[in-house]
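Let me begin by presenting the structure, written as structure tokens, before commenting on it.
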Amino acid sequence: MRYLTFALTKGRLALKTLNLLETAGVTCEEMKDDKESRKLIFVNEEEKLRFFLAKGPDVPIYVEYGAADIGIVGKDTIMENGRRLYEVLDLGLGACKMCICGPESAKEYLNHNQLIRVATKYPKIAKDYFYNQKNQTIELIKLNGSIELAPIVGLAEVIVDIVETGETLKDNGLKVLEEICPLSARMVVNPVSMKMENERITKLIQSLKQRISNIARNVDI
Ligand code: PRP
């Protein structure tokens, strides 16, 4: 049996993902026990599974090239990177929304088709939404983080960003002006792996689906 390799997203999602995978019988004790380690790849020899942690935007790249068979990554990253992958499952973890945000006063800019500046870490998503859904021409400004700063210091009229609890917006006097789409962690699979390891991967998807539906119904954790 060959190794099945998982690329997981570093950060907030990692532990939640490992816990969910564990409920479906996919375990990696080595990774859970060794949180301080700088090791990059962890193995479950018995089950022939390998796991590594990567930066979110890199996960779809590893999966597209087949360096990982399976990836767990946010829907935002999938939408922004648009790679050739099968998106097979919504894990329901890390639920949040992609939104247009800004001060209340900026709401009018969204209704009158004005040329406005939009700051974001997600230029593709922002462009798709403004051009194709709203038919509004915008000037896009790509930033790399702390996007909420942009409308406060006058860099842009509005931002396109992720809103989870809404705390960052609230603490900076900003609001959700429009919701673009809901987001959460998704399982993606390399198309060749899906063919070659169909039985193992399909079994895993079914088992995770069952767990997720039990969690949603509060039957299981
Ligand atoms: C994300 C997002 C918002 C914040 C929203 O930023 O870009 O800034 O979280 O979360 P909240 O609604 O719970 O306040 P992240 O912490 O990933 O860092 P970044 O600003 O560097 O992108």
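The values are calculated or read from the model by the stated rules, or taken from the named source; none is laboratory data. All values reported here derive from a predicted model rather than from experimental measurement. Positions of Cβ are backbone-derived with ideal geometry, glycine not excepted, and every protein chain shown enters the neighbour counts. Ligands, DNA and RNA are excluded from the accessible area calculation, which covers all protein heavy atoms including side chains. Shrake-Rupley method; radii C 1.70, N 1.55, O 1.52, S 1.80 Å.
The table that follows gives values for the structure above.
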| quantity | calculated |
| --- | --- |
| FRET efficiency for Leu115 and Ala67, using Cβ-Cβ distance with R0 set to 45 Å, rounded to 0.05 | 0.60 |
| Most to least accessible of Glu197, Glu164 (protein chains only, probe 1.4 Å) | Glu164, Glu197 |
| Alpha-carbon centroids, the stretch 1-35 and the stretch 133-204: separation in whole Å | 24 Å |
| The chain - accessible surface per residue (Å², probe 1.4 Å) | 55 Å² |
| Length-normalised contact order of the stretch 65-221 in % [C-alpha pairs under 8 Å, at least 6 apart] | 40 percent |
| Ratio of Rg to Rh over the stretch 90-221 (Cα coordinates, Kirkwood Rh, two decimals) | 1.11 |
| Listed peptides 72-83, 165-176 by packing density, highest first (mean Cβ within 10 Å) | 72-83, 165-176 |
| Rg over Rh [alpha-carbon atoms, Kirkwood Rh] for the chain | 1.03 |
| Crossing angle, helix 12-23 versus the chain [Cα axis fit, 0-90 degrees, rounded to tens] | 40 degrees |
| Solvent-accessible area of Lys127 with every protein chain in place, 1.4 Å probe, in Å² to the nearest 10 | 100 Å² |
| Total formal charge among the other residues, if their Cβ is under 12 angstrom from that of Asp58, Lys/Arg +1 and Asp/Glu -1 | +2 |
| Rounded to 10°, Cα long-axis angle of helix 198-216 versus longest principal axis of the chain | 60 degrees |
| Pairs beyond 23 Å (Cα-Cα), from Lys10/Lys75; Lys16/Lys55; Lys10/Lys107; Lys10/Lys195 | Lys10/Lys107; Lys10/Lys195 |
| Cα-centre dipole for the chain with unit charges at Cβ (Lys and Arg positive, Asp and Glu negative), debye to 20 | 380 debye |
| Fraction of beta bridges assigned by DSSP in the stretch 21-172 that are antiparallel (%, nearest 5) | 55 percent |
